[in-house]
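These notes concern the structure reproduced below.
Every read-out reported here was derived from the displayed coordinates using simple, explicitly stated rules and does not represent laboratory data. Just so it is clear, the structure is predicted and the values come from calculations on it, not from any experiment. Neighbour counts run over all protein chains shown; Cβ positions are idealised from the backbone, glycine included.
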Amino acid sequence: SKGKKGTVKLIFEDEQLSKILNEQGIRPGNKIMLKNNDDNVYNVETDKGKFSIDRKTASKIIIQN
């Protein structure tokens, strides 16, 4: 599966989820790698480690190369 690597530009989400994502290193200005694992699960690599997020969450993260 092809990964998307880039800088997080924007996150469309509520404060609670933004806080969780922020702790995982998913925040505007950070470089991340987003890989589609299967239809509903995405693997994310950040400077904080590797995490899994669901499709709904992944769709709210805008990445810029």
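Details
- Coarse-grained scattering of the chain at q = 0.19, 0.29 Å⁻¹, given as base-10 log I(q)/I(0) from a Debye sum over alpha-carbon atoms: -0.62, -1.53
- In loop segments of the chain as defined by DSSP, the chymotrypsin sites (Phe, Trp or Tyr not before Pro) with at most 16 further C-beta atoms inside 10 Å of their C-beta are Phe12.
- A cut-off under 15 angstrom between Cβ atoms defines the neighbours of Phe12, and their net charge, with Lys, Arg +1 and Asp, Glu -1, is +2.
- Spacing of the modelled spin labels on Lys4 and Asn37, each 7 Å from Cα toward Cβ, amounts to 1.8 nm.
- Residue-wise HN-Hα couplings along the stretch 34-51, as the Karplus relation 6.51 cos²θ - 1.76 cosθ + 1.60 with θ = phi - 60° gives them from phi, are 10, 10, 7, 7, 8, 4, 10, 10, 10, 9, 10, 10, 9, 5, 9, x, 10, 9 Hz; Gly and Pro carry x.
- Distant-in-sequence amide H partners of Asn30 (H built 1.01 Å from N, under 5 Å): Val8
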